Amino acid sequence: MAAYNDLRREQLGFFPTPVHKLERLSTQLGVNLFLKRDDLTGPNLFGGNKIRKLEFLLGDALAQGADTVITFGATQSNHAMETAVAARKLGLTPLLYLETITPPDQTIDRGNILLDKILGAEITYVSMDGRTEAEADEYAMSLAVQKKAALEAAGHKVYIIPVGGATPIGSVGFAVGVQELLAQLAPAPDYIVHGTGTGGTAAGLVAGVKLYGGTHQPQVLSMNVSPKPMAHYAQTAKLATAALRLLGSELTVTAADFHFDQNYFGEGYEQPTASASAAIRLLAETEGILLDPVYTGKGFAGMLDYIHTGKIAPGSNVVFWHTGGISALFAESEMVGQLY
Ligand SMILES: Cc1ncc(COP(=O)(O)O)c(C=O)c1O
């Protein structure tokens, strides 16, 4: 397996992203609360956590001679939109397979669908047709594999990125992100809190804490935004360990190293919750900073509950990793929920 120095990294965003204390909210909550601003990764206004992964994933795509990149997500996927941005910046053609978990507004292109179209990404909608999300993922992948074969027969070279960019190479981006954070903050935080979907970010964060955390290792608290079976924890641990191997480390991550919490996604993915809406309003009204209803709002709501119930003790140093997703504020109303 390649070591870190062999991994090709393309510059896509603006790193290090800022980290700063939320003074008013910290006073209100009785903790020292910091925000790691991956909503500002760039290269345009709608950055997010995937840019960190894509610097390494598309580095690998270029190293393999790809001219086309295929990826997957929901119709309002931030990962798909960010992949289209990154592909364009590097001269690659983006093809997106988008699952209609929330059916797109037929009257107007909203949120990330609008951005995908401005970016000229080729979109294939994958209808749910009674499939579970896992079945739809499998079906979308089968369509993409067929497309790849057809394009390669015509002389192209296609690089496929699985949903969320959840691969060891993608997670390396977040492990390196932890190193970036720890160089910015002293003392090191007691907790890093974030919203988790595919687990690629969580894997990178936990791997990064193990590798770079030294004697005071922050605990990573990962608030799920959709239901996950127990097998997900072991898979995420495998992903983290594989990322560590790419970084030249022999350390191993197990499921016990993660702290996932499935109590904050409400009815499911892309379904708004009252606590996320309240969290979005709270941060907006105390600090003037925006969260999104699908990921960061739910993650922040989980963190607030941990603080209110003492699971995060008063006086703790806490970093909430803002992973972006703001374009969802302009998505279909059933996804946005009641924000005011
Ligand atoms: C805004 C935002 N936050 C968090 C996540 C979760 O990241 P991961 O899929 O790596 O768990 C995503 C994934 O799409 C996202 O778009």
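All conditions in (1) assigned to a helix (DSSP H, G or I); (2) within 12 Å of the ligand (Cβ to nearest atom); (3) at negative phi; (4) not aromatic (Phe, Trp, Tyr) hold for residue 181, with the sole exception of (2). Taking the criterion of being modelled with pLDDT under 95 and buried (at least 23 other Cβ atoms within 10 Å of the Cβ), the only residue of the range 132-164 that qualifies is 164. How about the range 60-108: which of its residues are open to solvent by 10 Å² or more (accessible area, probe 1.4 Å) and acidic (Asp, Glu)? 60, 67, 105 - these are the residues of the range 60-108 that are open to solvent by 10 Å² or more (accessible area, probe 1.4 Å) and acidic (Asp, Glu). There is at least one residue in the range 116-127 that is within 15 Å of the ligand (Cβ to nearest atom) and not basic (Lys, Arg).
Residue under question is residue 230, and the condition is that it be free of Cβ contacts under 8 Å to residues at least 24 places away in the same chain and either surrounded by fewer than 24 Cβ atoms within 10 Å (Cβ to Cβ) or within 14 Å of the ligand (Cβ to nearest atom) (or both); does it hold? Here the answer is yes, as residue 230 does meet what is asked.
Within the range 286-340, the set of residues being in a loop (DSSP other than H, G, I, E, B), open to solvent by less than 30 Å² (accessible area, probe 1.4 Å) and among the charged types (D, E, K, R) comprises 292, 332. Taking the range 191-224 as the region of interest, how many residues are surrounded by fewer than 22 Cβ atoms within 10 Å (Cβ to Cβ) and within 28 Å of residue 137 (Cβ to Cβ)? Total satisfying the criteria: 0.
The values are calculated or read from the model by the stated rules, or taken from the named source; none is laboratory data. The shown structure was predicted, so the numbers you read here are calculated from the model rather than taken from an experiment. We place every Cβ from the backbone using ideal geometry, glycine too, and count neighbours over all the protein chains shown. All accessible areas refer to the heavy atoms of the entire protein, side chains included, with ligands and DNA or RNA removed. Shrake-Rupley method; radii C 1.70, N 1.55, O 1.52, S 1.80 Å.
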